[in-house]
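Undergrad: If you scroll down you'll find the structure; I have some questions about it.
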Amino acid sequence: MHGYANPARFLKIARWLTPVLLVVGLVLAGGALAWGLTQVPPERLQGETVRILFVHVPTAWLGMAGWTTIAGASFAYLVWRHPLADIAARAAAWPGACFTAICLATGSIWARPTWGVWWVWDGRLTSFLILLFLYFGYIALSNGAAQSEASRRIPAIFGLVGAINIPIINRSVEWWETQHQRASITAGTSSIDAAFLWPLGIAVLGFTCIFGGVLLARMRAILAHSQAEARLRRKAMQP
Amino acid sequence: MSWKPKHQRMALLGVALVALVGAVLLAMWGLRSQASYFYVPAQVESDPPAVGQNIRLGGMVLEGSLGQADDGVSILFTVHDGEAQVPVRYRGILPDLFVEGSGVVAEGRFTPEGTFVADTLLAKHDENYVPRELEEMTAAQAKAAVAETTK
């Protein structure tokens, strides 16, 4: 694992992996959404609104996967002090926040015709809204922290502590009575009919590839930015 | 035995994380009844809320219980959770997804007679996603059909 933590080796792999992930992700997600919007039958009770599922579920998964990335990278940064881990955590914040916001918006649009209201303050919706605020907090903290190693530890600790919200989101529908339905897919069994499950699975895969591609692209951009700054600083030092 | 700095950091973080997770799990355990969005009929039976207190009641609409009140406008139905049943009276427009056998969350209060008078009804969708072709099935049959196709 330490071999890939070398920025030069990382860049060598990321250079070709970024476009591959983005193209594969766009093809899979686009195909799954087209399939979901045109080919899937209406649901028994929800009717046509079931199609929001194909955006809502992948974005929910990536909103949580984004913070898990931040937490994992922060842990690696705090223990091994490798700058690339810090860069990975920083790079995951914006895409994670975007997916979280899309998940909340699509959920709200689905809730209006299904439940009869745009929003309720139940365990699942509230904990997911907190996730969005945690992202904003992390982004502000991370942008505010200078590039010294000591101050980069502050957003890393925040990223690690904020991860406690992830199991709460996941378990909220089991621990508490919620307006939001329970998990449809649990360890190997699904209560979603195959007609919906296949495009859903492909959409999840596609969105995940897009997330991976954006993550790598942002890591490369942050690396390039810090290299450019270092070069400018060296030039300014020369007489 | 002397530890390398990175092993010290790993141990310190590990202990801190275990303590944090433990504390939050205890807090969530303490919140388990307060953080619920609604009462289910079994809770109403074992620990009845005060008459006139605003609460939410959630459960399934009992099959065959849907009917009209004497005033011709209000509807009556029974909410159950498999253990207990609560009669509900509601006056207003029903949500599209409100059908017998489906989930519902009602906001309102109990009368002294034990009837729940709802001001607002929210339909609750369950975790089963079934195409319309299987419409005639009940929720339980549909769930079995889905379990069959996605095994």
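The values are calculated or read from the model by the stated rules, or taken from the named source; none is laboratory data. None of these values were measured; they are calculated from a predicted model. Cβ coordinates were reconstructed from backbone atoms using ideal geometry, including for glycine residues, and neighbour counts include every protein chain displayed. What goes into the accessible areas is simple: the full protein's heavy atoms, side chains included, and nothing from ligands, DNA or RNA. Shrake-Rupley method; radii C 1.70, N 1.55, O 1.52, S 1.80 Å.
Undergrad: Please go through segment A:146-185 and give me each residue that is over 27 Å from A:Arg112 (Cα atoms), outside any helix (DSSP H, G or I) and among the hydroxyl-bearing types (Ser, Thr, Tyr), ordered by number.
TA: Result: A:Ser148, single match.
Undergrad: If I filter segment A:126-139 for residues that are within 12 Å of another protein chain (Cβ to nearest Cβ), open to solvent by 30 Å² or more (accessible area, probe 1.4 Å) and closer than 19 Å to A:Thr178 by Cα, do I get at least one hit?
TA: Checked segment A:126-139: at least one residue is within 12 Å of another protein chain (Cβ to nearest Cβ), open to solvent by 30 Å² or more (accessible area, probe 1.4 Å) and closer than 19 Å to A:Thr178 by Cα.
Undergrad: Ok, one more. Identify, please: which residue in segment B:107-126 is in contact with a strand residue (DSSP E or B) (Cβ under 8 Å, 6 or more places away or on another chain) and outside any strand (DSSP E or B) and is, among those, surrounded by the most Cβ atoms within 10 Å (Cβ to Cβ)?
TA: B:His125
Undergrad: If we keep just the residues of segment A:215-229 that are open to solvent by less than 50 Å² (accessible area, probe 1.4 Å) and at pLDDT 95 or above, which is farthest from A:Ala32 (Cα to Cα)?
TA: By that ranking, first place goes to A:Met219.
Undergrad: Could you tell me which of the residues A:Val50, A:Val23, A:Val55 is over 16 Å from the mean Cα position of the chain (by Cα), crowded, with 22+ Cβ neighbours inside 10 Å and either in a helix (DSSP H, G or I) or modelled with pLDDT under 95 (or both)?
TA: Checking each option against the conditions leaves just A:Val50.
Undergrad: Being modelled with pLDDT of 90 or more and among the small types (Gly, Ala, Ser) is the filter here, so list the residues in segment A:146-171 that pass it.
TA: Of everything in segment A:146-171, those that are modelled with pLDDT of 90 or more and among the small types (Gly, Ala, Ser) turn out to be A:Ala156, A:Gly159, A:Gly162, A:Ala163.
Undergrad: Moving to a separate point now. Can you tell me which residues in segment A:29-46 are surrounded by fewer than 20 Cβ atoms within 10 Å (Cβ to Cβ), touching a residue at least 24 places away in the same chain (Cβ under 8 Å) and under 28 Å from A:Thr100 (Cβ atoms)?
TA: A:Gly30, A:Gly31, A:Leu33, A:Trp35, listed by residue number.
Undergrad: Report yes if some residue within segment B:76-91 is within 20 Å of A:Val117 (Cα to Cα) and within 14 Å of chain A (Cβ to nearest Cβ); otherwise report no.
TA: yes
Undergrad: Considering segment A:172-196 alone, what residues qualify as being more than 8 Å from every other protein chain (Cβ to nearest Cβ) and open to solvent by 20 Å² or more (accessible area, probe 1.4 Å)?
TA: Listed by number, the residues that qualify are A:Glu174, A:His180, A:Ile185, A:Thr186, A:Ala187, A:Gly188.
Undergrad: Tell me the residue from B:Val104, B:Val73, B:Val99 that is aliphatic (A, V, I, L, M), surrounded by fewer than 19 Cβ atoms within 10 Å (Cβ to Cβ) and within 24 Å of A:Trp110 (Cα to Cα), please.
TA: One residue alone meets the criteria, B:Val99.
Undergrad: Across segment A:107-124, what is the total count of residues that are open to solvent by less than 20 Å² (accessible area, probe 1.4 Å) and assigned to a helix (DSSP H, G or I)?
TA: 5
Undergrad: On the basis of being among the aliphatic types (A, V, I, L, M), within 14 Å of chain B (Cβ to nearest Cβ), in a helix (DSSP H, G or I) and buried (at least 21 other Cβ atoms within 10 Å of the Cβ), does A:Leu78 make the cut?
TA: Answer is yes for this residue.
Undergrad: Also, quick follow-up: Confirm whether A:Leu11 is part of a helix (DSSP H, G or I) and within 14 Å of chain B (Cβ to nearest Cβ).
TA: Taking the combined requirement at face value, the residue does not satisfy it.
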